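Only one structure is covered here, and it is reproduced in the block below.
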Amino acid sequence: MPGQQSSPPQEKDAATLKSQVAAFWDSEPCGSETSAAAPLTASYFDEIERRRYELERHIPEIADFAAHAGDRMLEVGCGIGTDALQFARAGARVTGVDASQKSLEMARQRFELNGLQAEFLQADAERLPFENGTFDFVYSHGVLHHTPAPERAVAEILRVLRPGGSALVMLYHRRSYNYLIDILVLRRAGWYLLKIGVPAQWLSRLTGFDRELLEAHQQRARSMRFDKQRFLNDNTDGPGNPLSRVFSRSEAAMLFEGFQDVRTRVRYFDKRHVPVVGRLIPDPLQDRLGRIAGWHLYITARKPFGADARPSIAQ
């Protein structure tokens, strides 16, 4: 089954994989393709922000930006800084880390255009360059399922939080419509159709997916044998994505076993991935479906008071 959890790769393989992940996001930083305005202008970033929260309107509810006013906060995998900017506007003292240097450059430019201060560093989520107990709040949205050893990244989050500090992490959800139906059934059928030569433009007309994207999938389908992990990678964040994983609620809770007050929630039913009738789904039903079979699995957790200032298990 695509996405089945496996043992962490050996250190040499993990280092190579991390380099590939950084290169992938350098080639197209997350969200950067959603604006047609002149790159790196205020209009460009404004359009990216607008489209993000129109499509994923649950994020402000879950992130609760204003609740972290005054917090020393760290975003692990800050990308181009869309969510980080909301925290900063609400009064948080923001630090962001990412593996992608291009993403960090864009985040710095974005904050400069908005007259806001933040610290942005290139760093490995599994080896955070901060002292124990540095932050009040750690946030990571859609990032830790792209690192070879997510349990190490979660241990690092625990380490850099102060006792009583909180974390909010989003991982891809195994028990979601997006995974169980869209990826395992619909996209797999599409892979075989592309493999045998059905024109990408035909599938584009049928599904509404971008023709160029389907052509890239077709090129990979024709040049490679089917591989479960590669198929999952390609069908989460696009062709050539080096690594993605999916997690059930119980698997996510196990990652956070060193925390207390661990809570899981799901959100985000993407109706664009429902053939034919998806566009007819009203927003209230879409939101309800997101709470049942959403693609975004959110984990909130708190570092216990009195917790040892433990070293990272990556060291």
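Only the coordinates and a few stated rules stand behind these numbers; no lab work does. Fair warning: this is a prediction, and the values are worked out from it, not measured in the lab. All Cβ positions, even for glycine, are placed from backbone atoms using ideal geometry, and neighbour counts span all protein chains on display.
Points worth noting:
- The alpha carbons of segment 51-114 occupy a box of 29, 28, 22 Å along the principal axes, longest dimension given first.
- Under the Karplus curve 6.51 cos²θ - 1.76 cosθ + 1.60, θ = phi - 60°, whole-Hz ³J(HN,Hα) for segment 114-131, x wherever Gly or Pro sits: 9, x, 10, 9, 7, 10, 10, 10, 7, 7, 8, 4, 8, 9, 6, x, 9, 6
- Using the Cβ-Cβ distance between residue 46 and residue 250 with R0 = 51 Å, the FRET efficiency computed as 1/(1 + (r/R0)^6) comes to roughly 0.80.
- Placing +1 on the Cβ of every Lys and Arg and -1 on the Cβ of every Asp and Glu, with nothing else charged, gives the chain a dipole about its Cα centre of roughly 1020 debye.
- Under-5 Å amide H pairs with residue 96, H placed in peptide plane, nonlocal only: 75, 119, 120, 121
- Rounded Å value of the spacing that divides the Cα centres of segment 226-259 and segment 157-201: 6 Å
- Footprinting exposure proxy ranking of 83, 26, fewest other C-beta atoms within 10 angstrom first, gives 26, 83.
- Annotation for residue 287 and residue 272: the two label points, set 7 Å from Cα along the Cα-Cβ direction, are 2.1 nm apart.
- Computed [θ] at 222 nm, deg cm²/dmol, the chain (DSSP H ≥ 4; -39,500 (n - 2.57); rounded to nearest 500): -12000 deg cm²/dmol
- The relative contact order of segment 81-184 comes to 23 percent, based on Cα pairs under 8 Å that sit 6 or more residues apart.
- Relative contact order of segment 178-237, pairs being alpha-carbon contacts under 8 Å that are 6 or more residues apart, as %: 35 percent
- Segment 206-315: C-alpha gyration tensor shape, a/c 1.5 cut-off, then a/b vs b/c: oblate
- Here r is the Cβ-Cβ distance between residue 37 and residue 101 and R0 is 30 Å; the resulting FRET efficiency, rounded to 0.05, is 0.85.
- Whole-Hz Karplus values for segment 271-284 come out as 5, 5, 9, 9, x, 6, 9, x, 5, 8, 6, x, 4, x Hz, taken residue by residue from phi with 6.51 cos²θ - 1.76 cosθ + 1.60 and θ = phi - 60°; glycine and proline positions read x.
- Each principal axis of the Cα cloud of segment 62-167 was taken in turn, and the coordinate range along them, longest first, works out to 35, 31, 25 Å.
- Longest site-free stretch - the chain; sites: chymotrypsin sites (Phe, Trp or Tyr not before Pro), DSSP loop, at most 13 other Cβ within 10 Å: 1-225
- The alpha-carbon atoms of segment 178-237 define a convex hull whose volume equals 75 cubic angstrom per residue.
- For segment 195-287, the relative contact order is 17 percent, taking Cα pairs closer than 8 Å that sit 6 or more residues apart in sequence and dividing their mean separation by the residue count.
- Annotation note: trypsin sites (Lys or Arg not before Pro) in segment 43-125 located in DSSP loop regions with a Cβ neighbour count of at most 16 within 10 Å are 57.
- Calculated Rg and Dmax of the Cα atoms in Å (choose from [x] 19.4, 61; [y] 20.1, 68; [z] 30.2, 100), label: [x]
- Under 5 Å from the amide H of residue 165 lie the amide H atoms of 303, each residue being 5 or more positions distant or on a separate chain, with H modelled from the backbone and absent for Pro and chain starts.
- Residue 53-residue 131 pseudo-label distance in nm [points 7 Å out on the Cα-to-Cβ vector]: 3.5 nm
- Backbone HN-Hα couplings from phi across segment 21-29 [Karplus 6.51/-1.76/1.60, Hz, Gly and Pro as x]: 4, 4, 5, 4, 6, 5, 5, 7, x
- Sites residue 27 and residue 113, calculated FRET efficiency, Cβ-Cβ separation with R0 25 Å, nearest 0.05: 0.60
- For residue 75, the shell of other residues with beta-carbons less than 10 Å away shows a net charge of -2, using +1 for Lys and Arg and -1 for Asp and Glu.
- Near residue 190, once Lys and Arg are set to +1 and Asp and Glu to -1 for all other residues with Cβ below 14 Å from its Cβ, the sum equals +3.
- 16 Å reach of a label modelled at residue 16, 7 Å along Cα-to-Cβ, counting backbone N of segment 236-250: 242-243
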